[in-house]
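Engineer: Okay, here's the structure, questions in a sec.
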Amino acid sequence: MRGRTITYKYKNFKYTDEIKNTLSSAILDSKDNHELEKIYSHYEALNIDRGYKYIIKDLYILMIKKNMSTTDVSKIYDVSIRTIQVWLKELGINQSPKGRSKKTVNKAPKNKLLSRESPLLLSKECVRSKIDDLLIQVLNDYKVIDKDDDIELNYSEELERKIENLMKVITD
């Protein structure tokens, strides 16, 4: 537990009526529930006990569903902006409003033990994802032809550059 004492300040946190309405008006679909499961798993993988564990779902709603800033969230919980940033980083929640629509949960926790033991696992997943995306793009560009057809297959220079860059990543 890194020498910190856990606070129960957030266990039964008293929200203002406005924030209560904001939280209760949020509609969580199956995708949101899946993301929350990832966030809770991420928290468990940290193997630490934090007082904010009681408000993880609320943080998700405020930051992701309601697109609030870290400044606004810090005012709600009466903590510094940096504290909110640390919480979000520990939970793997993207802090940037621009990046939230792309991906909610970031990479695996930056637990020193994990990154020392399995640095290749993280990069392999990244490479696999890029290969999958690239294959889908490549396969969508081609048509199925017979062997006897005398057709030359062409693809864009951009696609060729992407393949070359991916090969560099794989071989490095």
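Engineer: Please verify whether N47 is in contact (Cβ under 8 Å) with a residue 60 or more places away in the chain, open to solvent by 70 Å² or more (accessible area, probe 1.4 Å) and polar (S, T, N, Q), treating the condition exactly as stated.
Structural biologist: Taking the combined requirement at face value, the residue satisfies it.
Engineer: Test N33 against the stated conditions and say whether it is in a loop (DSSP other than H, G, I, E, B), under 18 Å from the mean Cα position of the chain (by Cα) and exposed (fewer than 14 other Cβ atoms within 10 Å of the Cβ).
Structural biologist: no
Engineer: Separate question: Give segment 7-35 a look and list any residue that's touching a residue at least 24 places away in the same chain (Cβ under 8 Å) and among the acidic types (D, E), or say none.
Structural biologist: Residues satisfying the conditions are D32, E35.
Engineer: Of everything in segment 49-63 that's in contact with an Asp or Glu (Cβ under 8 Å, 6 or more places away or on another chain) and modelled with pLDDT of 90 or more, which residue is farthest from N33 (Cα to Cα)? Break it down stepwise before answering.
Structural biologist: At the first step, the residues of segment 49-63 found to be in contact with an Asp or Glu (Cβ under 8 Å, 6 or more places away or on another chain) are 50, 60, 62.
Next, from what is left, pick out any that are modelled with pLDDT of 90 or more: 60, 62.
Details: Y60: 10, L62: 15 Å.
Among residues in segment 49-63 that are in contact with an Asp or Glu (Cβ under 8 Å, 6 or more places away or on another chain) and modelled with pLDDT of 90 or more, the one farthest from N33 (Cα to Cα) is L62.
Engineer: Given S74, S41, which one is free of Cβ contacts under 8 Å to residues at least 60 places away in the same chain and under 18 Å from T7 (Cα atoms)?
Structural biologist: S74 is the lone residue from the list that is free of Cβ contacts under 8 Å to residues at least 60 places away in the same chain and under 18 Å from T7 (Cα atoms).
Engineer: Taking only segment 19-30 into account, find how many residues are touching a helix residue (DSSP H, G or I) at 6+ places or on another chain (Cβ under 9 Å) and open to solvent by 90 Å² or more (accessible area, probe 1.4 Å).
Structural biologist: 1
Engineer: Then there's this: Being surrounded by fewer than 18 Cβ atoms within 10 Å (Cβ to Cβ), part of a helix (DSSP H, G or I) and in contact with a helix residue (DSSP H, G or I) (Cβ under 6 Å, 6 or more places away or on another chain): is that true of T7 here?
Structural biologist: Answer is no for this residue.
Engineer: Hey, another quick one. Just checking, how many residues over segment 16-31 are among the hydrophobic types (A, V, I, L, M, F, W, C) and closer than 19 Å to S69 by Cβ? Break it down stepwise before answering.
Structural biologist: At the first step, the residues of segment 16-31 found to be among the hydrophobic types (A, V, I, L, M, F, W, C) are 19, 23, 26-28.
Subset that is closer than 19 Å to S69 by Cβ: 19, 23, 26.
Total meeting the criteria: 3.
Engineer: Go through (1) among the hydrophobic types (A, V, I, L, M, F, W, C); (2) at pLDDT 85 or above; (3) within 29 Å of S129 (Cβ to Cβ) and name the single condition I81 misses.
Structural biologist: (3)
Engineer: On the given criteria, is K66 open to solvent by 70 Å² or more (accessible area, probe 1.4 Å), modelled with pLDDT of 85 or more and under 23 Å from K14 (Cα atoms)?
Structural biologist: Working: open to solvent by 70 Å² or more (accessible area, probe 1.4 Å): yes; modelled with pLDDT of 85 or more: yes; under 23 Å from K14 (Cα atoms): yes.
So K66 fits the description; yes.
Engineer: Also, I was wondering about something else. Only one of these conditions is not met by D141: (1) at pLDDT 70 or above; (2) open to solvent by 70 Å² or more (accessible area, probe 1.4 Å). Which number is it?
Structural biologist: With (1) at pLDDT 70 or above; (2) open to solvent by 70 Å² or more (accessible area, probe 1.4 Å) applied to D141, the lone miss is (1).
The values are calculated or read from the model by the stated rules, or taken from the named source; none is laboratory data. What you see is a predicted model, and the numbers here were worked out from it, not measured in a lab. Virtual Cβ from ideal backbone geometry, glycine too; neighbours counted across all protein chains shown. These area figures cover heavy atoms from the full protein model, side chains too; ligands, DNA and RNA do not enter into them. Shrake-Rupley method; radii C 1.70, N 1.55, O 1.52, S 1.80 Å.
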